[in-house]
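**Q** Dumping the structure here so I can ask a few things about it.
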Amino acid sequence: DAGVIQSPRHEVTEMGQEVTLRCKPISGHDYLFWYRQTMMRGLELLIYFNNNVPIDDSGMPEDRFSAKMPNASFSTLKIQPSEPRDSAVYFCASSLVRANSYEQYFGPGTRLTVT
Amino acid sequence: RKEVEQDPGPFNVPEGATVAFNCTYSNSASQSFFWYRQDCRKEPKLLMSVYSSGNEDGRFTAQLNRASQYISLLIRDSKLSDSATYLCVVTRTGSARQLTFGSGTQLTVLP
């Protein structure tokens, strides 16, 4: 079975440019999470969706960040305009509501570098 | 204070050694606890859940002390392939789906 798919795997862009990260969750999963990981701050939850509806976006750092989930099989995280401090690895994860199971399955991540 | 605190290490141990990692969490209402493993430049993956009674999975033993808000992971007979960063994870109160990750403890098992 395919796991969580993210694209691109690597992105290098210049400050001020728009960046769009993409995620395809595991089929049938009803929760989708976006995380950011840096050496300084570790793994931080940015936003999560349940059945395509955003539930909590309190982790989104600024209005420059936005996320959408137009359907159960696709989500995007957009940064506009990008800044050097946005450089990080962005992970998407999905999970399935099931009694006593909270395991989240992570994608391989997108390594973003903003110069 | 961070919600989940871990000793960052690094822990460098010889193959076959026993090593223990500790973790403390600040929210006494946290409900579920996990250890995730993250290999270098890879995504985190669930290693094991942590139950109040303690649980074991092969060479790995996890313990939870709710009174002290303390979680531990013990690895026996460590293998080279155990080299990774181990992340302590708790669920947020009121939202079992939201996970809060510690910053991780780096382990290197030496030949």
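**Q** Which residue pairs have Cβ atoms under 8 Å apart, sit 6 or more places apart or on different chains, and have a first residue in segment B:64-85 that is farther than 13 Å from B:Tyr36 by Cα and a second that is assigned to a helix (DSSP H, G or I) and open to solvent by less than 10 Å² (accessible area, probe 1.4 Å)?
**A** As it stands, the answer is B:Ile75/B:Asp82, since those pairs meet every condition given.
**Q** Follow-up question, since we're still on this one. Please state which one of B:Gln38, B:Gln69 is surrounded by fewer than 19 Cβ atoms within 10 Å (Cβ to Cβ) and not aliphatic (A, V, I, L, M).
**A** B:Gln69
**Q** Can you pull out the residues in segment A:22-58 that are among the aliphatic types (A, V, I, L, M) and open to solvent by 40 Å² or more (accessible area, probe 1.4 Å)?
**A** Scanning segment A:22-58 gives A:Met39, A:Met40, A:Val53, A:Ile55.
**Q** Could you please let me know if B:Tyr51 is modelled with pLDDT under 95, surrounded by fewer than 18 Cβ atoms within 10 Å (Cβ to Cβ) and within 14 Å of another protein chain (Cβ to nearest Cβ)?
**A** Spelling it out, B:Tyr51 is indeed modelled with pLDDT under 95, surrounded by fewer than 18 Cβ atoms within 10 Å (Cβ to Cβ) and within 14 Å of another protein chain (Cβ to nearest Cβ).
**Q** Only one residue in A:Ser75, A:Ser58, A:Ser82 is part of a loop (DSSP other than H, G, I, E, B), in contact with a strand residue (DSSP E or B) (Cβ under 9 Å, 6 or more places away or on another chain) and at pLDDT 95 or above. Which one?
**A** Residue meeting the stated conditions: A:Ser82.
**Q** So the check is Cβ under 8 Å with 6+ separation or different chains; which pairs have a first residue in segment B:32-47 that's over 15 Å from A:Tyr35 (Cα atoms) and within 7 Å of chain A (Cβ to nearest Cβ) and a second one that's open to solvent by 20 Å² or more (accessible area, probe 1.4 Å) and assigned to a loop (DSSP other than H, G, I, E, B)?
**A** The qualifying pairs are B:Ser32/A:Tyr102; B:Leu46/A:Glu103.
**Q** Please list, ordered by first then second residue, the pairs with beta carbon atoms under 8 Å, 6 or more apart or interchain, first in segment B:51-62 and free of Cβ contacts under 8 Å to residues at least 12 places away in the same chain, second among the polar types (S, T, N, Q).
**A** B:Gly54/B:Thr61; B:Gly54/B:Gln63; B:Asn55/B:Ser49; B:Asn55/B:Thr61
**Q** Taking A:Pro8, is it open to solvent by less than 60 Å² (accessible area, probe 1.4 Å), within 17 Å of A:Leu112 (Cα to Cα) and at pLDDT below 95?
**A** no
**Q** Look at A:Ser87 and say whether it is among the hydroxyl-bearing types (Ser, Thr, Tyr), away from chain B (no Cβ under 14 Å), touching a residue at least 24 places away in the same chain (Cβ under 8 Å) and surrounded by 21 or more Cβ atoms within 10 Å (Cβ to Cβ).
**A** No.
**Q** If a residue has to be within 13 Å of the chain's Cα centre (by Cα) and over 16 Å from A:Tyr31 (Cβ atoms) to count, how many in segment A:87-112 make the cut?
**A** 8
The values are calculated or read from the model by the stated rules, or taken from the named source; none is laboratory data. The model shown is predicted, which means the values in this text are computed figures rather than measured ones. Don't worry about glycine lacking a Cβ; one is built from the backbone with ideal geometry, like all the others, and counts go over all protein chains shown. The protein model used for the area step is the full one, side chains on, heavy atoms only, and it has no ligands, DNA or RNA in it. Shrake-Rupley method; radii C 1.70, N 1.55, O 1.52, S 1.80 Å.
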